[in-house]
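A short worksheet on the structure shown next.
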Amino acid sequence: MGEEATILHADADSFYASVEQRDDPSLRGKPVIVGGGVVLAASYEAKAFGVYTPMGERAARRMCPQAIVVPPRMEAYSEASDAMFEVFRDTTPLVEGLSIDEAFLDVGGLRRISGTPTEIAVRLRAQVRERVGIAVTVGVARTKFLAKVASGVAKPDGLLVVPVDQELTFLHALPVERLWGVGNVTAKKLRARSLTTVADVARLDEDELIAILGRGSGRHLHALAHNRDPRPVEVGKRRHSIGTQRALGRRARSPDQLDVDLIALVDRLARRLRTAHRVARTVTLRLRFDDLTRATRSYTFHESTTDTVTLLTAGRVLLHDALPIIEERGITLIGITFSNLSNDDAVQLALPFGKAPAAAMDTTLDTVRERFGSTSLTRGVLLGRRDGLQVPLLPD
């Protein structure tokens, strides 16, 4: 870790909702919800009433009857993201995107030409406001972890610099939920032992945390509670996994309907995998039940693949195994994730050499869709089916 706070975490405020308020002045200062059935984003005026992402639109309207609900405009959000990242890259070449609306920036070494990290952060916020038309909150710290925590504390539309000599004072006063990796389940375990602040966690030995949370989580949280995070800002960092999901509502779905849902997800994600020139070894099925609890099922191949049929077969096996619990508890969301990714040029070819018929079919379908559009050719079972929202993403 450096000796100066030179890492910025820039995070747009309620990104989708901010773009809507930017483009429609009549929405400014009013509670805005972006969504259609599910809340995709809420302005801070709506969040003040308890609206959060992702909750059902009906529940959100009960919490905030005066909310203005607008349909999502993914193309507008993608354009705003591109413009914001252009500002980031004009600030420093060391930019690591986390999602379409947030990134880490390393401004170490720019003092002579651009000023101090604080001056750079002030200028960055002003440039995003001027060139993109939305607010961005920035946290500045010595580590990526603390910079992200700082931006979270500074929201909305704020700037928070954590001086090196006050890092632990700032961090230890925060609730345990501010630690990366602490969700509802982990927070309950910690709070059940009266560990409510980061300072409480920091007072424990690593072995004590491991006994409570397991080896991986225990070591991870022990390091973060002492602000130990040596990770540099990585330019061009590639994803370890890619995924997609579909909200199903609360109507009962038959196994055949779920199979069609799965086909649509795998078909879309496999194409995205090949477009990025990646291959996957692990398929994970993600489910959310009527009571909002979740479950995952995974399968790992002996060899990495991009073959749609192979990936779909694994997903079908996982779905079939999960049908009893789905029948018992209902289902409101199905998702699929491909992980253990590597570049397709790093895969050792298996005998016999040559392209398999299934791979040739995938290549042909990808070529047609790239030339004539993603809806120009589809599987028979998906005819007449709407794809749903295509959320803008950073490059894979």
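The values are calculated or read from the model by the stated rules, or taken from the named source; none is laboratory data. Since we're looking at a predicted model, the values are computed, not measured. In this analysis, Cβ positions are derived from the backbone assuming ideal geometry, glycine residues included, and neighbour counts consider all displayed protein chains. Calculation scope for accessible area: heavy atoms of the full protein, side chains included, ligands and nucleic acids excluded. Shrake-Rupley method; radii C 1.70, N 1.55, O 1.52, S 1.80 Å.
Taking the longest Cα principal axis of the chain as reference, the axis of helix 117-131 is set at about 50 degrees. log10 I(q)/I(0), Debye, Cα-only region 16-80, no solvent, q = 0.24, 0.28 Å⁻¹? Reported log10 I(q)/I(0), two decimals: -0.94, -1.23. Carbon and sulfur together cover what percent of the accessible area of the chain at a 1.4 Å probe radius? With neighbouring chains kept in place, the figure for the chain is 52 percent. For the chain, which span is the longest to avoid every loop-located (per DSSP) member of chymotrypsin sites (Phe, Trp or Tyr not before Pro) having at most 13 other Cβ atoms inside 10 Å? Here the longest segment lacking exposed loop sites spans 181-352.
Taken per residue, the accessible surface of the chain reaches 52 Å², heavy atoms only and a 1.4 Å probe. The magnitude of the dipole of region 274-343, with charges of +1 and -1 set on the Cβ of Lys/Arg and Asp/Glu and taken from the Cα centre, is near 280 debye. Among 122, 185, 87, the largest mean-square fluctuation in a Gaussian network model of the chain, built with springs joining Cα atoms closer than 10 Å, belongs to 185. Considering only 201, 88, 43, and ranking their Cα positions along the charge dipole of the chain that arises from unit charges at the beta-carbon of Lys, Arg, Asp and Glu, the one farthest toward the positive end is 43.
If you look at the Cα atoms of region 1-123, you get an Rg and a Dmax of 17.3, 54 Å. Cross-link partners of residue 30 among lysines, defined as those whose alpha carbon lies under 29 angstrom from its own and excluding same-chain residues fewer than eight positions apart: 47, 148, 155. Excluding same-chain neighbours fewer than eight residues apart, the aspartates and glutamates reachable from residue 237 by a Cα-Cα span under 19 Å are 11, 82, 86, 90, 96, 101, 102, 106, 229, 344, 345, 396.
Of interest is the spacing of the C-alpha centroids, which for region 6-57 and region 156-235 amounts to 28 Å. Globularity index of the chain is 1.07 (Cα radius of gyration / 2.2 N^0.38 Å, N = number of residues).
A Cβ-based charge dipole, computed about the Cα centre of the chain with Lys and Arg at +1 and Asp and Glu at -1, lands at about 760 debye. May I ask for the Kirkwood hydrodynamic radius of region 144-206, worked out over all distinct Cα pairs and given in angstroms to one decimal? Kirkwood radius, region 144-206: 12.4 Å.
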